[in-house]
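Down below is the structure, laid out as structure tokens.
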Amino acid sequence: MVAEEESNNQGRRTGYRGSILGHNIVNRNRNEGELSLYNDYFAENPKFSESQFQIRFRMSCHRLFLRIANAVEAHNPYFKQKIDALGVLGLSCLQKVTATHRILAYGIPADLTDEYL
């Protein structure tokens, strides 16, 4: 009976990739989201203009936004980019601050900030 149970469990473990047996990993393309966010607003030649940034983030200057992000990251360790238990790089500080800022500026739920996350 024990041998039969072990053989049944081995069959289930072949698809095991998460921290909980049977749970799957969802690839969320975090790096692509970060690159897209940076290229859209913070690159040397951004996709969107300064006026579009002002409308989107309700802030006059993207340099001010970056100063705020750096200050928040220095103050609170949650905003530092970390590697999770599976060795996957987590969200960047810029992504976390962008989501937080949009939640506060527009009063929207966190689910609506998935665009760059």
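The values are calculated or read from the model by the stated rules, or taken from the named source; none is laboratory data. Note that the structure is a prediction, hence the values are computed from the model and not measured. FYI the Cβ positions are ideal-geometry reconstructions off the backbone, even for glycines, and counts take in every protein chain you see. With ligands, DNA and RNA removed, areas are computed over all heavy atoms of the protein, side chains included. Shrake-Rupley method; radii C 1.70, N 1.55, O 1.52, S 1.80 Å.
Here are a few things to note about the model shown:
- Among all residues of the range 5-28, there is none that is assigned to a helix (DSSP H, G or I) and modelled with pLDDT of 55 or more.
- Residue in the range 73-95 that is without any contact (Cβ under 8 Å) to a residue 12 or more places away in the chain, in contact with a helix residue (DSSP H, G or I) (Cβ under 7 Å, 6 or more places away or on another chain) and open to solvent by less than 70 Å² (accessible area, probe 1.4 Å) present: no
- Among the residues of the range 53-75, those identified as modelled with pLDDT of 95 or more and either farther than 24 Å from ILE108 by Cα or assigned to a loop (DSSP other than H, G, I, E, B) (or both) are ALA74, HIS75.
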